[in-house]
1. Looking only at residues that are closer than 22 Å to residue 78 by Cα and aliphatic (A, V, I, L, M) in the range 9-19, which one is surrounded by the fewest Cβ atoms within 10 Å (Cβ to Cβ)?
2. Can you tell me which of 56, 62 is surrounded by 14 or more Cβ atoms within 10 Å (Cβ to Cβ) and at pLDDT 95 or above?
3. Within the set of pairs 6 or more residues apart or between chains, which connect a residue that is of a type in the set (S, T, N, Q) inside the range 16-32 to a residue that is open to solvent by 10 Å² or more (accessible area, probe 1.4 Å) with Cβ atoms less than 7 Å apart?
4. What number of residues within the range 20-40 are among the small types (Gly, Ala, Ser) and either part of a loop (DSSP other than H, G, I, E, B) or surrounded by fewer than 16 Cβ atoms within 10 Å (Cβ to Cβ) (or both)?
5. Residue 102 versus (1) hydrophobic (A, V, I, L, M, F, W, C); (2) touching a strand residue (DSSP E or B) at 6+ places or on another chain (Cβ under 7 Å); (3) open to solvent by 70 Å² or more (accessible area, probe 1.4 Å): which is the lone unmet condition?
6. Quick check on my filter: what residues within the range 85-95 are surrounded by 14 or more Cβ atoms within 10 Å (Cβ to Cβ) and touching a residue at least 40 places away in the same chain (Cβ under 8 Å)?
7. Taking the range 20-51 as the region of interest, how many residues are over 14 Å from residue 82 (Cβ atoms) and of a type outside the set (Asp, Glu)?
8. Considering only residues of the range 33-68 that are touching a Leu at 6+ places or on another chain (Cβ under 8 Å), of a type outside the set (A, V, I, L, M) and without any contact (Cβ under 8 Å) to a residue 60 or more places away in the chain, which is farthest from residue 119 (Cα to Cα)?
Amino acid sequence: MSALTDLLSPDAIALDVAADDWQEAVAAAGVLLTETGVATEQYTVEMIDTVLEKGPYIVIAPGFAFAHARPSPAVLRTGLSWVRLARPVAFGHPTNDPVDLVVALAATDAKAHTTAMAELAKVIGDADRRAALEGAQSPAQVLDVLEGTASAPP
């Protein structure tokens, strides 16, 4: 397993989610963290507050937001959620908007955050893997792409 698939369960992946704005997109990712026992609802509030306070710095690549907040008591264990949006939404980033993929990380420590960030950068920076993720039809297919066992269709 890759570091990402160790942190991401199929139940924490939602595809083609409707969101009217960035807050709804981050909230959708937060709900998955809560439902899978990674974090409490308070962590979703903390992720949204982080963007309100610091701006859209979480939009780290074209179309991709890495939602997170500082480690806190709201984090029950380190984990990820994956939300592919039905329609892209603006986060207010000058060059990487609009966003159609929101990955949320709840980390118990800074090392887990850094490791997950590095793994995600490799995946999102690989055009073939990004295309495969955009075309994935199920959570299992997303996990296969992240694991490196699937690729974009010809």
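The values are calculated or read from the model by the stated rules, or taken from the named source; none is laboratory data. All figures in this text were calculated on a predicted structure; none of them were measured in a lab. Counting neighbours? That spans all protein chains shown, and the Cβs are built from the backbone with ideal geometry, glycine included. With ligands, DNA and RNA removed, areas are computed over all heavy atoms of the protein, side chains included. Shrake-Rupley method; radii C 1.70, N 1.55, O 1.52, S 1.80 Å.
1. The qualifying residue surrounded by the fewest Cβ atoms within 10 Å (Cβ to Cβ) is 15.
2. On the way: 62 fails: at pLDDT 95 or above.
Among 56, 62, only 56 is surrounded by 14 or more Cβ atoms within 10 Å (Cβ to Cβ) and at pLDDT 95 or above.
3. Pairs found: 23/48.
4. Residues of the range 20-40 that are among the small types (Gly, Ala, Ser), as a first pass: 25, 27-30, 37, 39.
Those left that are additionally either part of a loop (DSSP other than H, G, I, E, B) or surrounded by fewer than 16 Cβ atoms within 10 Å (Cβ to Cβ) (or both): 37.
Total satisfying the criteria: 1.
5. So the condition that residue 102 fails would be (3).
6. Let us first name the residues in the range 85-95 that are surrounded by 14 or more Cβ atoms within 10 Å (Cβ to Cβ), namely 85, 88-89, 91, 93.
Residues satisfying the conditions are 85, 89, 91.
7. The first filter runs over the range 20-51 and keeps only residues over 14 Å from residue 82 (Cβ atoms), leaving 20-24, 27, 34, 37, 39-51.
Checking which are of a type outside the set (Asp, Glu) leaves us with 22-23, 27, 34, 37, 39-40, 42-45, 47-48, 50-51.
The total comes to 15.
8. Here the residue is 40.
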